[in-house]
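Structure first, commentary second.
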Amino acid sequence: MNHPLRVVLLCTLMTILQTGWSQSSEMSMDQLIDYALANSPEMLDAQLKVQDAEAQILQSKSTGLPQVSGSGTYQRYFEVPIVPLPAEFTGGEPQEVSFVLKNNFTAGVNLDAMIFDAAYFVALKAARAARTYAQLELVDRQRQVRQQVRDVYLPVLLLQSNLAQLDKNLTNLEELYQETQQIYEAGFAEQLDVDRLALSLANLRTERDALDRQYENALRALKFTINYPAEQELTIGDDMEALLAEDNPEMLTTTVNYTRRPEINLLDQAIALSDYNIQNFKTGYLPSLRGFAGYQYQYQGNDFNSGFWAPTGFVGLTLNVPIYDGGFKRSQIDRATITRQQVQVQRSTVQRLIDLEVENARATYLSAQERFKDREDNLALAQRIYDTTQVKYREGVGSSLEVNQAEQALYTSQTNRLQAIYDVLQAKVALEEALGEN
């Protein structure tokens with residue numbers, strides 16, 4: 001499939017996808033990532049680099065193909081040049097003569113072709129390697145975009161879950177407040193009990209308003225990250241509990257595959273490019289041979305009727321043999337070799353950093369899982385205490401202060417559990433990224 005057709009199909013597909021997204025404002029994390037990959041300016045820049053690398057290959061190929069050029073020159077002398085002839089040539093008096101006619105027109109075709117140049121074949125391989133490097137950069141940019149979306153998305157999901165939990169608590173507290181108000185009106189509760197619940201309701205509503213503003217700010221940041229229209233509605237379609245259930249225990253024991261990390265692949269390709277660079281400098285010691293040919297047709301005359309046409313044709317070879325350059329090419333080879341060694345050292349360092357990153361990510365993931373289990377147990381305990389204090393209060397053997405304290409402990413446990421889920425999801429994403437699985 002030719003390149004223009006690929007571009008048309010890609011644009012059509014993007015239009016269809018964008019149309020589908022614009023019709024539905026609810027998107028999951030995977031859908032948001034796909035949207036960002038299709039609309040991010042960073043991705044467009046990386047794709048243009050791949051296209052530029054493909055154009056460089058064509059450019060490199062063209063330098064080894066025969067070059068044909070045409071030329072045309074017209075010249076008219078309003079005063080022709082004179083050459084003096086001494087008496088020895090004329091057999092008498094010295095004379096002035098002109099060997100140029102007033103009108104001169106030359107048209108020709110020239111051919112220049114490479115016959116042998118080792119640097120050409122190395123340059124062609126290097127251009128293809130550069131295209132591969134640009135493609136690997138595109139993959140790395142995709143990884144970065146996915147990481148950016150996840151980093152911004154998870155806080156939005158946490159805030160949305162907190163809002164949902166607050167709404168449930170508000171509903172329950174409003175029911176309790178109405179019930180206590182009725183008990184107070186019947187003479188079986190104190191005004192203090194009603195006031196405490198009213199204060200709790202006011203605090204909870206204030207907390208929800210503040211949380212809602214945080215959610216809107218985080219949502220705007222998410223829209224900006226994926227290049228989503230700021231004025232268009234966007235709803236998060238994932239559930240924290242469902243994402244938490246998607247566990248992959250093999251991540252804790254699997255062997256690290258360095259080739260899954262784009263950084264390693266980029267460094268490997270950089271080493272390959274350094275090899276081609278060294279080869280290119282070494283070809284400077286080899287001779288090169290080019291062939292050329294030309295054909296010209298020249299007209300000369302004082303007018304355009306009585307002049308004459310003179311054809312000219314020629315062929316030839318140009319041989320370039322390097323002899324001595326004062327050590328210039330040797331220094332180029334040495335510097336290119338040093339550059340390759342530096343990239344090798346960098347690769348070794350990155351590999352060690354990946355090992356450290358994976359170990360730290362695994363430890364963080366295990367710690368987050370343990371913390372989640374503890375906070376889930378704490379929430380269950382806080383819920384039992386809250387339920388018990390409510391029963392005691394309704395039966396008249398408990399105080400509203402106990403209910404208020406149990407209520408605050410329950411809210412804290414709920415928030416801590418959601419934060420623990422967020423920590424697990426964040427640690428899981430970090431581990432997947434360290435292993436190169438995203």
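Any read-out appearing in this document is the output of simple, stated calculations on the displayed coordinates, not a laboratory observation. Owing to the predicted nature of the structure, the values given are computational and were not obtained by experimental measurement. Glycine also receives a Cβ, built like all others from the backbone with ideal geometry; neighbour counts cover every protein chain displayed.
A dipole drawn for segment 91-147 from +1 and -1 charges on Cβ atoms has a positive end, and of Leu101, Thr132, Gln144 the residue lying farthest that way is Gln144.
Rounded to the nearest 500, the 222 nm mean residue ellipticity of the chain from helices alone is -24000 deg cm²/dmol, with -39,500 (n - 2.57) taken per DSSP H run of at least 4 residues. Rounded to the nearest 10 degrees, the inclination of helix 3-23 to the longest alpha-carbon principal axis of the chain is 20 degrees.
Find, among the GluC sites (Glu not before Pro) in segment 362-429, those assigned to loop by DSSP (not H, G, I, E, B) with at most 16 other beta-carbon atoms within 10 angstrom.
Values: sites: Glu370, Glu376, Glu395, Glu402, Glu407; in loops: Glu395.
Passing both the DSSP loop test and the Cβ count: Glu395.
Relative to the longest principal axis of the Cα atoms of the chain, the long axis of helix 41-62 lies at roughly 20 degrees. Each residue in Val83, Val145 was given a count of other beta-carbon atoms within 10 angstrom of its own, and listing them fewest first yields Val83, Val145. For the chain, the longest principal axis of the Cα atoms and the long axis of helix 262-282 meet at an angle of about 10 degrees. Think of segment 272-368 as a dipole: +1 on every Lys or Arg Cβ, -1 on every Asp or Glu Cβ, centred on the Cα centre; then among Ser306, Asn360, Phe292, Asn360 lies furthest on the positive end.
Panel note: the C-alpha atoms of the chain, placed on their principal axes, show extents of 152, 49, 38 Å (largest first).
Legend: ranking of residues Lys125, Lys428 from fewest to most surrounding C-beta atoms inside 10 Å; resulting order Lys125, Lys428.
Diagonalise the Cα gyration tensor of segment 183-257 and give the resulting equivalent ellipsoid semi-axes, square root of 5 times each eigenvalue, largest first, whole Å. Could the numbers behind the result be given before it?
On the way: eigenvalues 378, 115, 22 Å².
Value: 43, 24, 10 Å, ordered largest first.
Of the listed pairs Lys223/Lys373; Lys168/Lys223; Lys168/Lys392, which have alpha-carbon separations greater than 29 Å here? Display every interim value, and only then the final one.
Numbers: Lys223/Lys373 33 Å; Lys168/Lys223 27 Å; Lys168/Lys392 22 Å.
Long pairs (Cα-Cα over 29 Å): Lys223/Lys373.
When only alpha carbons are used to place a centre, segment 208-285 and segment 97-149 end up 34 Å from one another.
Charged side chains reduced to their Cβ positions (Lys and Arg at +1, Asp and Glu at -1) give segment 180-287 a dipole of some 820 debye around its Cα centre. Each label point was placed 7 Å from the Cα along the Cα-to-Cβ direction; for Gln51 and Leu124 their separation is 2.6 nm. About the centre of its Cα atoms, the chain shows a dipole size close to 2320 debye [charges on the beta carbon of Lys, Arg (+1) and Asp, Glu (-1) only; nearest 20 debye].
When Ile57, Ile82 are sorted by how many other C-beta atoms sit within 10 angstrom of their C-beta, beginning with the fewest, the order is Ile82, Ile57.
Which percent, nearest 5, of DSSP beta bridges in the chain are antiparallel? Write out the running numbers ahead of the final one.
On the way: 39 of 41 bridges.
Percent antiparallel among DSSP bridges in the chain is about 95.
For segment 260-357, what is the charge dipole size about the Cα centre, in debye to the nearest 20, if Lys and Arg each add +1 at the Cβ and Asp and Glu each add -1 at the Cβ? Walk me through the numbers on the way to the answer.
Details: 10 positive and 8 negative charges, 65 e Å.
With Lys and Arg at +1 and Asp and Glu at -1, about 320 debye.
Scale the Cα Rg of segment 310-438 by the rule-of-thumb value 2.2 N^0.38 Å and send over the ratio, two decimals.
On the way: Rg = 35.4 Å, N = 129, 2.2 N^0.38 = 13.9 Å.
Against the empirical 2.2 N^0.38 Å value, I get 2.54 for segment 310-438.
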